[in-house]
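The values are calculated or read from the model by the stated rules, or taken from the named source; none is laboratory data. This structure is a prediction, so every number in the text was calculated from the model and none was measured. Ideal geometry is used to build each Cβ from the backbone, glycine not excepted, and the neighbour counts take in all protein chains shown.
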């Protein structure tokens, strides 16, 4: 995608969603950075208007003061341009709305990020640990997690 096409994408998103979005790209993805409050509207727009019907991956990165949550979207069965949506939340208020109603694959993936990083997905139908036992204390992929041994 050339730079003019990227600017066109940003203009469409700004017009439709009325929020400040930062768009960039590489050979594989269009990257869209959005504030957490604008995440549900952006994801719904991408699904309904651009056919991004599959959440392939959801992950989180710990940057000490905040977490960055990354959603990788694509179209199935088509193999076109993929989109990565990024948002950040404060580590002391690590909450985002659940996207399970839009993307069924978010169910397991949100539970995994909750389990390992401690990000809460509000509205998730069954937000519970998925990899670690229920009695486990803490979230082992956080930088502030202390191993005892």
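Key figures for this structure:
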| read-out | value |
| --- | --- |
| Complete set of residues in region 51-68 that are in contact with a helix residue (DSSP H, G or I) (Cβ under 8 Å, 6 or more places away or on another chain), outside any strand (DSSP E or B) and surrounded by fewer than 15 Cβ atoms within 10 Å (Cβ to Cβ) | 64, 65 |
| Residue 81, sole failed condition from (1) closer than 23 Å to residue 25 by Cα; (2) surrounded by fewer than 14 Cβ atoms within 10 Å (Cβ to Cβ); (3) modelled with pLDDT under 95 | (2) |
| From the options 143, 86, residue that is at pLDDT below 95, under 30 Å from residue 21 (Cα atoms) and either in contact with a strand residue (DSSP E or B) (Cβ under 9 Å, 6 or more places away or on another chain) or part of a loop (DSSP other than H, G, I, E, B) (or both) | 143 |
| When residues of region 11-50 are limited to those that are in a loop (DSSP other than H, G, I, E, B) and exposed (fewer than 15 other Cβ atoms within 10 Å of the Cβ), the one modelled with the highest pLDDT | 35 |
| Any chance residue 113 is crowded, with 18+ Cβ neighbours inside 10 Å, free of Cβ contacts under 8 Å to residues at least 60 places away in the same chain and in contact with a helix residue (DSSP H, G or I) (Cβ under 6 Å, 6 or more places away or on another chain) | no |
| Qualifying positions in region 84-107 - within 13 Å of residue 44 (Cα to Cα) and touching a helix residue (DSSP H, G or I) at 6+ places or on another chain (Cβ under 7 Å) | 85, 97, 98, 99, 100, 102 |
| Pair list, Cβ < 7 Å and 6+ apart or interchain, from region 52-75 residues that are at positive phi to residues that are modelled with pLDDT under 95 | 64/143 |
